[in-house]
Structure formats: C-alpha cells, structure tokens
C-alpha cells in the first residue's frame with residue numbers, strides 16, 4: 001500500500017513559499033527527531049538552494065538519543081546546514097535557536113537590518129508550539145493533528161529576527177514508500193488516509209527488530225512475538241481488543257500500538273537510521289528504473305503491434 005496526502009492548501013503553500021524565498025536569509029526546517037529523513041521535505045532543497053538552513057530535530061525527548069546524535073552528524077556534512085535537537089518541554093533549547101540563526105549569518109549587521117527567517121516543516125511537527133515559545137505569547141494556533149496552520153504570517157522575535165511562518169506541507173509522491181508509513185505512524189498524515197492495522201503491522205515489524213525489549217515491557221509480554229501479526233495479536237489479547245468469537249480486532253490493537261508509540265509510552269524510539277534510508281533510496285531508485293523499463297517495453301510492444309496492423 002502507498003500512503004500519500006497532498007490536499008489543495010499544501011499545493012498553495014508550496015507556491016507561496018517559492019514566491020517569498022528570494023527575500024529569506026535563513027531557513028528553519030522543523031523535522032521529527034524520530035524520523036529525520038522521512039520528515040525532511042525533498043522540495044525544500046529545491047526552494048532554498050544555497051540559503052543557510054537549520055534542521056530542528058523536534059520531539060527529541062521521544063527519540064533515541066544515540067540515533068539523534070548520528071542524525072545531527074549526518075546533516076552537518078551538508079553545505080550550509082546545521083542541526084539542533086530540541087524538546088518542547090525545554091524552552092531554553094528553543095531559545096538557543098535564535099542564537100544559532102545569528103551565528104549562521106556572520107556577515108549580517110543585525111543592528112541595521114533584521115534577519116529574515118522562514119520556518120518550514122511537515123504537518124504536526126510542532127512548528128506552531130515552537131513559534132509561540134520563541135515569541136513568548138500565543139501567536140500560532142496549535143493542535144495535535146495534521147494541517148492546523150493554513151496561511152503565512154510574520155512574527156517579530158528577539159535578537160532582531162523576523163520569522164515567517166508557513167503552513168505545513170508534504171510532497172505529491174512519498175518515496176520511498178516506507179516514508180509514507182513512518183509519517184503516518186508519527187501522526188504527520190491524517191488518520192483518515194490510512195487504516196491503523198496496516199501502519200501498525202509496519203511499526204510492529206520494525207519495533208520487534210530494533211526495540212523488542214521496550215515493546216515486551218510496555219505490553220507485559222514474557223516471550224517475544226515471532227512476527228508483526230503475532231505482536232498485534234498479543235496486544236489485542238492483553239488490552240481486550242477482541243471481536244466476537246475470541247478473535248483479535250487488528251484495527252483496535254493497531255490503534256493501541258500507534259497511540260502508545262506516538263505518546264512515547266514505549267520509551268525513546270527512532271524509526272530510521274542514516275544507513276537504513278540510504279539503502280531504501282537505492283532500492284527505490286532501482287524499483288523506479290525497473291518500472292520505467294517495463295513501461296518502455298510495453299510501449300515498444302504496442303508500437304510493434306500497431307505497425308503490423310497497418311502493413
């Protein structure tokens with residue numbers, strides 16, 4: 001199954017961002033620390049070009065700290081990019097973001113002209129909460145769901161920074177397909193776009209490989225389930241997510257797993273590593289090439305049949 005979500009307001013947001021980008025001095029891109037690659041919009045590099053960029057790894061308190069450190073190093077290798085992990089529960093980390101903005105613009109005299117920053121990010125990554133913390137007052141509407149911010153707005157911050165807020169937007173085709181699943185697992189895609197059983201099986205498979213002890217401890221399991229379906233069955237039986245006839249309701253059991261994961265009840269979890277996504281990109285490119293070759297062969301066959309027909 002392929003998961004995609006690109007409603008009309010996201011297309012509008014992308015066009016508006018492209019229009020004002022030439023006026024921006026620095027980009028602040030909000031990422032989910034649990035999925036730094038999957039939450040990184042591939043359209044942003046096209047829009048920002050050489051503009052300096054700060055990758056804010058938000059929700060770092062929910063992510064595996066060892067893997068977060070590796071992701072910070074990963075982004076540091078990119079030109080004009082810095083990464084900083086933050087937690088909404090630690091405002092001092094958020095305040096340090098303004099200092100970083102200034103340090104990445106060493107040639108700018110901020111006393112003469114304010115730094116013009118733009119904050120970007122996928123839906124439900126925490127942009128509005130961060131803006132309110134930076135501003136010291138409620139400016140941006142917040143909500144634990146995707147697609148709350150609908151239009152741009154400018155906010156004057158401390159340290160002579162003018163911040164442009166933008167609506168969260170995804171991209172038309174989520175590739176590799178695993179990116180769509182991770183975005184769904186963490187809540188960046190509206191729950192109406194997918195079913196919990198599908199993404200829960202995806203999450204269960206990964207958790208059993210990467211964090212089996214955390215899963216077993218949270219759900220009180222004495223033996224490790226042998227696969228993703230067995231894990232959902234175990235969760236359903238432990239939490240009473242059953243249907244008539246003593247059959248586990250996979251939809252309800254899946255919703256329990258995803259809800260617990262999103263809330264951080266399984267402990268600090270990161271759903272991807274730099275090495276993992278590098279391999280996924282290679283596989284996705286090979287798959288795309290195979291599909292293109294197959295399509296070209298079908299088209300060639302169609303032309304051969306057409307030529308025979310009219311001879």
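Here, each number is a calculation from the coordinates, and none is a lab measurement. None of these values were measured; they are calculated from a predicted model. With ideal geometry, Cβ positions are generated from the backbone for all residues, glycine too; neighbour counts draw on all protein chains shown.
Below, the figures for the structure above:
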{"quantity": "By average C-beta atoms within 10 angstrom, highest first, the peptides 50-60, 228-238", "calculated": "50-60, 228-238"}
{"quantity": "Among beta bridges that DSSP assigns inside the chain, antiparallel share in %, nearest 5", "calculated": "25 percent"}
{"quantity": "Global geometry of region 204-265, whether rounded, prolate or oblate, following the gyration tensor of its Cα atoms and the 1.5 cut on a/c", "calculated": "prolate"}
{"quantity": "Cβ-Cβ FRET estimate between residue 90 and residue 190, R0 fixed at 35 Å, reported to 0.05", "calculated": "0.75"}
{"quantity": "Gyration tensor verdict on the chain (Cα atoms; rounded if a/c is under 1.5, prolate if a/b is larger than b/c, oblate otherwise)", "calculated": "oblate"}
{"quantity": "Sorted by Cβ neighbour density within 10 Å, fewest at the top, the residues 31, 47, 112", "calculated": "112, 47, 31"}
{"quantity": "The chain - mean residue ellipticity at 222 nm from DSSP helices (-39,500 (n - 2.57) per run, n ≥ 4, rounded to 500)", "calculated": "-15000 deg cm²/dmol"}
{"quantity": "Relative packing of 32-38, 281-287, which averages over residues the other C-beta atoms within 10 Å, highest first", "calculated": "32-38, 281-287"}
{"quantity": "Global geometry of region 265-310, whether rounded, prolate or oblate, following the gyration tensor of its Cα atoms and the 1.5 cut on a/c", "calculated": "prolate"}
{"quantity": "Inter-part distance where region 22-36 and region 288-304 are each reduced to a Cα centre, Å", "calculated": "39 Å"}
{"quantity": "Sequence-separation-based contact order of the chain, relative, with Cα cut under 8 Å and 6+ spacing, percent", "calculated": "19 percent"}
{"quantity": "Cα centroid of region 258-275 to Cα centroid of region 43-107, whole Å", "calculated": "20 Å"}
